[in-house]
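Got a structure here, written out as structure tokens. Questions coming.
Laboratory data are not the source of any read-out in this text; all were calculated from the coordinates shown. All values derive from a computational prediction rather than experimental measurement. All Cβ positions, glycine included, derive from the backbone under ideal geometry; neighbour counts span all protein chains shown.
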Amino acid sequence: MSPILVRYGTMLGCLWQCGILKRRGRPPSLLASIELFMPLHHYVPQFYLKYFSIASKPGLVWVYRRDNNQPRETNVNRISAVHGFYQVTLVGSGERSEQIEKMFSKIEGDAKPVFDRLIQEKGRISVSEHDYSILSVYMAFQCLRGPSSRARMHNFEKAKVEEEIKEIARDTDRLKAAIEEAGLVGEREVDLESIRTLLLDVDRNFVLERKRGEEGQLISFMVEWARDLCQLIYNKRWSLYESDGGGPFLTSDNPVTLMQPANLSREHIAGFVTGVVALPVCPMRSLLLEPGRRTANLEVVPVVGSRVRQINGSTMLGAHREVYSNISSKKVVKAFGRTKDGAAEELLSATDLPGATHAIDR
């Protein structure tokens, strides 16, 4: 594994393993105004969003939402961002820290010069192993750093907790021990079978929520999965598609998407192992990563409208709430309106964690 693939994860992972970091919970709705005093954290980098600017208006993009038939011009500093989204608390001192945001700033700073080359250079682009590593780390964390992925991670953890509860309910000795630990024995007679019935249907009878300040495990999940994911991305066959009269590529608030070959049977689908990863880099170009061997030269491949529409379809399906473009289009409004909020948050399996899947022709 290239050293750069582990450097960023180690920076944060060591702090987590040492118990230094704890994720701050989102403020209750009554205290939501406090967010205005927190830093605004972009979960899609501004430098990347600017590549999709309206031609005559640098820094502005057309924003499409599923609940609105009218796209609007918006500055990139106001989209794909949440106040205090990555703010953490140092466990020892209780002080607020921007450690995670600093890590992302480093990743973004390393990636921008490589993105500039992907957009500006023609023909075959020479890409070093170091450049591939930088892009792999960027894409892995981009898969995992947004609200869609955080919701999926929460759903994954929730499913694990529910299964653990059901396992306890099935085992009489463990159930009795859990009841005793909860202090229920002695206060009143416990109806063991009633409790067992409730716990076996835990997802219907209980709501499992995090208390404020108890989201630290999700940060740990993000780092752990990013380490594995960046290696899978790194080892794919990379291509750079260029729209040849097929209209512009779109991007979104969850821009790295995973597609599966349309001719692949379901039993052979294995998340990012068999999947095709797409990341639009500007309106005219999009990275496409397929199973295969990586090459030293990144080929710029002209593609027609059907392939552009497939990648845009994946972008729209995987979007958290919004897609972005350099143009205003009624076709985009109509197509995006057929997708649904939350598709990228549905938990399929741990191997599919980073995003919703979409079929693509090979």
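Points 7 angstrom from Cα along the Cβ direction at Val273 and His130: gap in nanometres?
Calculated label separation equals 3.3 nm.
Going 7 Å from the Cα of Asn297 in the Cα-to-Cβ direction, what parts of the range 221-237 have a backbone nitrogen less than 20 Å from that spot?
Within reach of a label on Asn297, which here means backbone N under 20 Å from a point 7 Å along Cα→Cβ, the range 221-237 contributes 236-237.
What FRET efficiency comes out for Ile179 versus Asp228 if R0 is 35 angstrom and r is the Cβ-Cβ distance? Round to the nearest 0.05.
Working: r = 38 Å, r/R0 = 1.09.
For R0 = 35 Å, the calculated efficiency reads 0.35.
Hey, another quick one. At 7 Å along the Cα-to-beta-carbon direction for both Asp116 and Ser306, put a label point, then send me their distance in nm to one decimal.
3.8 nm
For a quick check: sort Phe249, Phe156 by the number of other beta carbons within 10 angstrom, fewest at the front. Mind showing how you got there, number by number?
Working: Phe249 25, Phe156 17.
Fewest-to-most Cβ neighbours within 10 Å comes out as Phe156, Phe249.
Follow-up question, since we're still on this one. Could you work out the relative contact order of the range 88-171, using alpha carbon pairs under 8 angstrom and six or more residues apart, expressed as a whole percent? Present the calculation step by step, with values, prior to reporting the outcome.
Details: 24 pairs, mean separation 15.2, N = 84.
Relative contact order, the range 88-171: 18 percent.
If neighbour count is taken as other Cβ atoms inside 10 Å, put Met316, Met38, Met222, Met103 in order from fewest to most.
Values: Met316 22, Met38 15, Met222 25, Met103 19.
Lowest to highest Cβ neighbour count: Met38, Met103, Met316, Met222.
Could I ask something else about it? Quick one: length gained pulling Thr197 to Asn75 fully straight, 0.36 nm per residue minus the C-alpha distance? Before the final figure, lay out the partial values.
Details: separation 122, 0.36 × 122 = 43.92 nm, distance 5.30 nm.
My answer for the length gained is 38.6 nm.
Below 8 Å between Cα atoms, with a sequence gap of 6+, how large is the relative contact order for the range 220-307 in percent? It would help to have the intermediate numbers written out before the result.
Values: 142 pairs, mean separation 37.8, N = 88.
Averaging sequence separation for qualifying contacts and normalising by length gives 43 percent for the range 220-307.
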